[in-house]
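Beneath this line is the structure, given in structure tokens, with notes to follow.
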Amino acid sequence: MKYLLVACTLVLSSSINAQDIQSELTPLKNLIGGTWIADGVWGDGSKFEQKVHFEAGLSGKMIKTKTWGNISASGYEFGLRSEGVRFWDASDSTLKFWEFDVFGSALEGEIMIHGKDLYLSYFYDFGSGPMKLTDAWIYTSKNEYEFIVGVFDEGKWKQKYISTPFKRTPD
């Protein structure tokens, strides 16, 4: 699991502040400001370390992300792993995301909001065919979320690959 691309881990930068994002992105605005840091362990025992930065972009019509984490396919090396966007797709009235990583992969998926909790669902191929995964940011406080990656179906976790806190630090 250590090579699993985590869609939710993103870094964003812009001159637009959290109050200026369009209303459909409001559930995501708490992520803007500071850098989110996680230090945990995958279910297989491998290290999970990520830093994610979120910022508003395109005049508040999207949120951009940058994620630092493992950039080695065969070991562990920390660096800029991926960049992505969160946006409102007016064509079908859904929150969506795209994520692009250093390995040449791209993910796209949908974002569901339940209260203050964020669920990013996408398909990921481990080599045996695509599997539907979910990254959850479960709200703990303004400066902390419980981050879970796993199989989430019918409102329940069928399997969790990691569960670790993401904590905000000031920039």
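The values are calculated or read from the model by the stated rules, or taken from the named source; none is laboratory data. The model shown is predicted, which means the values in this text are computed figures rather than measured ones. Here the Cβ is made from the backbone with ideal geometry for all residues, glycine too, and neighbour counts use every protein chain on show.
The figures follow:
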item: Candidates F100, F126, F152 - the one that is modelled with pLDDT under 95 and of a type in the set (A, V, I, L, M, F, W, C); result: F126
item: Residue pairs meeting the criteria (Cβ under 8 Å; at least 6 apart or on separate chains; first within 22 Å of L25 (Cα to Cα) and among the charged types (D, E, K, R), in region 113-134; second modelled with pLDDT of 95 or more and assigned to a strand (DSSP E or B)); result: K116/Y139; D117/A136; D117/W137; D117/I138; D117/Y139
item: Residue match in region 59-78 (condition: among the polar types (S, T, N, Q), farther than 18 Å from L120 by Cβ, in contact (Cβ under 8 Å) with a residue 24 or more places away in the chain and assigned to a loop (DSSP other than H, G, I, E, B)); result: yes
item: Within region 30-66, tally of residues that are modelled with pLDDT under 95 and among the charged types (D, E, K, R); result: 3
